[in-house]
Structures are given as C-alpha cells and as structure tokens.
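K.L.:
One structure, pasted below without further comment.
The values are calculated or read from the model by the stated rules, or taken from the named source; none is laboratory data. All values derive from a computational prediction rather than experimental measurement. Positions of Cβ are generated from backbone atoms using ideal geometry, with glycine treated the same way; all protein chains shown enter the neighbour counts.
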Amino acid sequence: MKRVFADTSYWIALFNPRDELHHKAVEASQKFPELATTEMVLVEFLNAFSDRGPRLRAAASRAVTVLRASAPVSVTPQTSEQFERALSRYNDRPDKNWSLTDCASFLMMEAESIEDALTHDQHFVQAGFRALLR
C-alpha cells in the first residue's frame, strides 16, 4: 500500500469530532494506513489546540506522543537543514501564500516521491500534489 502525507488539517480533523472534515479524515485513516508527516506539522497541530483549555491541550499532546511511537506513521524530524531548505523554498516563491511548514512538507514529499496528501489545503494542489480531503 502506498504512503500518503498527513498534513495538519488531517490531524486536526481526525482528532476533533466537531471538525467539518472529521468524517472524511476517519474514512481516510482506514483507507491509508501508512502515513508520513513531519515534526513541523505536529507543531502546527499542537499550536491549534494550545489555547483550547488544559484538557484539550493535554489530549493533543498525548495524541502526538502516540503518533510519534506509531509504526505506520513515519515522522520526519525537524532539523536545521530542513529549516534552511524550507526557508529557501519559501523565499523562492513570493507569489504563493505557502507557510514555512507547507514548504518543508513539499520538500519531504518530493524527496519521498509522495504524490497524495491528506489535507484540505489548496497550497498542496498549487505545488502539484493531490489534496485528498478536498
């Protein structure tokens, strides 16, 4: 089975039953058991729950701990080299509204030959990938 990239919007939707993409994310989690993501994406996920109260904040932290230990999920670590390469892509594309995390994700996907992303983010489509939650 092929690996797909799991972006922040996927993790948020999977974790939050009230998210409008929750049902799509749950279906995708059953369809695509092998996932790739980055620590930068997990930082965005944690940031999304940082101001939602101590209970949700702690639950999000536990979820990341479980994800990082999960065999079917490979997590690319955040490194200085990754940051520099993502910053270079960010600077090279001033015509796009891509975040630094998007740029790091695109670079990782290119390096791993991953074409599909569990995301709703149109930036992945702009970069030439398939956004599976659209």
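K.L.:
I'm told Trp98 meets every condition in (1) in contact (Cβ under 8 Å) with a residue 40 or more places away in the chain; (2) among the aromatic types (Phe, Trp, Tyr); (3) part of a loop (DSSP other than H, G, I, E, B) except one. Can you identify the failing condition by its number?
P.N.:
Among (1) in contact (Cβ under 8 Å) with a residue 40 or more places away in the chain; (2) among the aromatic types (Phe, Trp, Tyr); (3) part of a loop (DSSP other than H, G, I, E, B), Trp98 violates only (1).
K.L.:
Just to check your reading of the model, which residue among Thr38, Thr65 is touching a strand residue (DSSP E or B) at 6+ places or on another chain (Cβ under 8 Å) and of a type in the set (Ser, Thr, Tyr)?
P.N.:
Thr38
K.L.:
Just to check your reading of the model, which residue among Arg62, Arg57, Arg85, Arg134 is under 27 Å from Lys2 (Cβ atoms), more than 12 Å from the chain's Cα centre (by Cα) and at pLDDT 95 or above?
P.N.:
Arg85
K.L.:
While we're here: Looking at the range 124-133, can you tell me whether even one residue there is in contact (Cβ under 8 Å) with a residue 40 or more places away in the chain and out of contact with any strand residue (DSSP E or B) (no Cβ under 7 Å at 6 or more places or on another chain)?
P.N.:
No, every residue in the range 124-133 fails to be in contact (Cβ under 8 Å) with a residue 40 or more places away in the chain and out of contact with any strand residue (DSSP E or B) (no Cβ under 7 Å at 6 or more places or on another chain).
K.L.:
Report yes if Arg93 is over 19 Å from Asp19 (Cα atoms), among the basic types (Lys, Arg) and out of contact with any Lys or Arg (no Cβ under 9 Å at 6 or more places or on another chain), otherwise no.
P.N.:
The answer is yes for Arg93.
K.L.:
Going by the structure shown, is Phe106 in a helix (DSSP H, G or I), without any contact (Cβ under 8 Å) to a residue 60 or more places away in the chain and within 19 Å of Leu133 (Cβ to Cβ)?
P.N.:
Criteria met by Phe106.
K.L.:
Can you find a residue that is within 16 Å of the chain's Cα centre (by Cα), in a helix (DSSP H, G or I) and over 13 Å from Thr37 (Cα atoms) anywhere in the range 115-122?
P.N.:
For the range 115-122, residues within 16 Å of the chain's Cα centre (by Cα), in a helix (DSSP H, G or I) and over 13 Å from Thr37 (Cα atoms): present.
K.L.:
Then there's this: Could you tell me whether the range 96-109 includes any residue that is of a type in the set (Gly, Ala, Ser) and exposed (fewer than 14 other Cβ atoms within 10 Å of the Cβ)?
P.N.:
Within the range 96-109, not a single residue is of a type in the set (Gly, Ala, Ser) and exposed (fewer than 14 other Cβ atoms within 10 Å of the Cβ).
K.L.:
A follow-up question, please. Modelled with pLDDT of 95 or more and among the polar types (S, T, N, Q), is that true of Ser80?
P.N.:
Against the criterion (modelled with pLDDT of 95 or more and among the polar types (S, T, N, Q)), Ser80 qualifies.
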